[in-house]
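The values are calculated or read from the model by the stated rules, or taken from the named source; none is laboratory data. Being a predicted model, the structure only gives us computed values, none of them experimental. Methodologically, a virtual Cβ is constructed for each residue, glycine included, from the backbone with ideal geometry; neighbour enumeration extends over all protein chains shown. These area figures cover heavy atoms from the full protein model, side chains too; ligands, DNA and RNA do not enter into them. Shrake-Rupley method; radii C 1.70, N 1.55, O 1.52, S 1.80 Å.
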Amino acid sequence: MLGIIIGISSVITITTLGGIMEKSVTDTYDALGTTLVQIGLHTKPDADRDYFEFSDFLSSEMIEEFEKKFEGRVTSVSMSDNAGSGTVRVNRENLSIDVAGVSPGSINGSMTELVKGRYITDKDMDAFRQVCVISEKQAAKLYGDENPVGKIFTFTYNGLSYDFTVVGVYKSSMSKLMSAMVDMTGQDWDTTIYIPVTTAQLMMYYGDMTSVGYFYYFTFMGAPDESVPELAADAVEFFNTRYYRDNDAVEVMSYTAEQELSMFSNMIGIVSMIISIIAGISLLVGGIGVMNIMLVSVTERTREIGVRKALGATNGSIRMQFITESMIICLIGGVIGILLGLLLGNIVGIAIGITAPASVGAIVIAVTFSMAIGVFFGYYPANKAAKYDPIEALRYE
């Protein structure tokens, strides 16, 4: 039964883990908000270049016009820019940090939750203030039990030292599965600090004011009663008609949370299916093992077969006897495999704090497949037994 047990348990475990991963992604996007839409630059298919020039980028003025045009349909707009990494010195050790420039609306639809102080404001952006929001783990590393709000956070970026005032503390609200995956990378504390996006760009471009206020993309949250696909299409039409109509190489496209969720779900489904097929190969190996065992059983029970046929058993009844025994072996292996697969899947789910029911379809398919293997691989030994000549069978041994 071992091959059957391993094959069935592998398939059930994988489908259960696939359900857990899909639930984790769904929970994450529910937390982000399904009305989240990203507007980003895209090279036209017939463009004569595959790169973006500075004049192609979305400006703050464009985004402000968009806010005015879609007032009432859009609840918040956020711009962000990844400024790269820097270092902070803690207990004579230099630790890496990620510097992210954000706008006030960036906390909406993000995997962060403010727990102390405040977030970045419009005044912070307009005045290029050196203020930051740090993580709970960073605050504990740097300041222990003290309140970090108002403290000075000093870090090194591009070889220069910067002093930022801590105005807020956040904690990650990512799903437990994602947190577990991050923990596996060896990160024991959240490494991102959030600063005003204008300040971040000023640091990135070494004080060049002419480069501040231009973005590759921005995101917005639609109003609860808005149709996300329709809103995204209207936003794309607004930018392409008003600002990119005469641009021969670049246009804007929309990316919605629903589209990404569907893409992730499809990807998880495909990966689970491929791995399940690979695991199903062990079922064939198990089936061959069942056939070999049944052949041995037929050989060992030759006299029994001869006695039954001498007493009037038909070829069909002999054949059915051994096929039934083969099916029972595979069915018992299948049940054990299902229970083992459910146990392993739920152990992993409990370990990361997310549970999802096993696929009923996968269980039904597993049981059906195990019984089909019993019939398929049991038929040859059963047919061999049914064709025994009773006289020769009785004379065996």
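Per residue, the chain reaches -17500 deg cm²/dmol at 222 nm when only DSSP H runs of four or more residues are counted, each adding -39500 (n - 2.57).
Only protein heavy atoms count here; on that basis, with a 1.4 Å probe, residue 365 has an accessible area of about 120 Å². Positive end of the dipole of the chain (Cβ unit charges, origin at the Cα centre): among 267, 127, 168, the Cα lying farthest that way belongs to 267. Gain on full extension, evaluated as 0.36 nm per residue between residue 48 and residue 387 minus their Cα-Cα distance, stands at 114.5 nm. Looking at the chain, the accessible area is 52 square angstrom per residue; that uses a 1.4 Å probe and ignores ligands, DNA and RNA. The heavy atoms of residue 69 offer some 140 square angstrom of accessible surface to a 1.4 angstrom probe.
May I ask for the angle, rounded to the nearest 10°, between helix 315-352 and the longest principal axis of the chain, with both axes built from Cα atoms and the value confined to 0 to 90°? Long axis of 315-352 versus the principal axis of the chain: about 20 degrees.
Note on residue 57 and residue 245: their simple-model spin labels are 2.6 nm apart, each label 7 Å out from Cα toward Cβ. Less than 5 angstrom separates the built amide H of residue 153 from those of 164, 165, 166, all sequence-distant by 5 or more or on a different chain.
Distance between the modelled labels on residue 320 and residue 151, one decimal in nanometres: 8.0 nm (7 Å Cα→Cβ projection). Pairs of lysine residues in the chain that meet both criteria, 8 or more places apart or on different chains and Cα atoms under 29 Å apart, total 25.
Its Cα centre serving as origin, the range 220-357 has a Cβ charge dipole (Lys and Arg +1, Asp and Glu -1) of approximately 1680 debye. Relative contact order of the chain, taken over Cα pairs closer than 8 Å and 6 or more residues apart, is 31 percent. In order along the range 209-223, phi translates into HN-Hα couplings of 5, 5, 9, 8, x, 10, 9, 7, 7, 8, 10, 8, 10, x, 5 Hz, rounded to whole numbers, per the Karplus curve 6.51 cos²θ - 1.76 cosθ + 1.60 with θ = phi - 60° and x for Gly and Pro.
Only protein heavy atoms count here; under a 1.4 Å probe, residue 123 has an accessible surface of about 140 Å². Couplings 3J(HN,Hα) for the range 286-293, derived from phi with the Karplus relation 6.51 cos²θ - 1.76 cosθ + 1.60 (θ = phi - 60°), are x, x, 5, x, 4, 4, 4, 5 Hz, where x marks Gly and Pro.
Evaluated with a Cβ-only charge set (Lys, Arg +1; Asp, Glu -1), the chain carries a dipole of roughly 2360 debye about its Cα centre, given to the nearest 20. Ranked from largest to smallest solvent-accessible area, with a 1.4 Å probe on the protein heavy atoms, 136, 65 come out as 136, 65.
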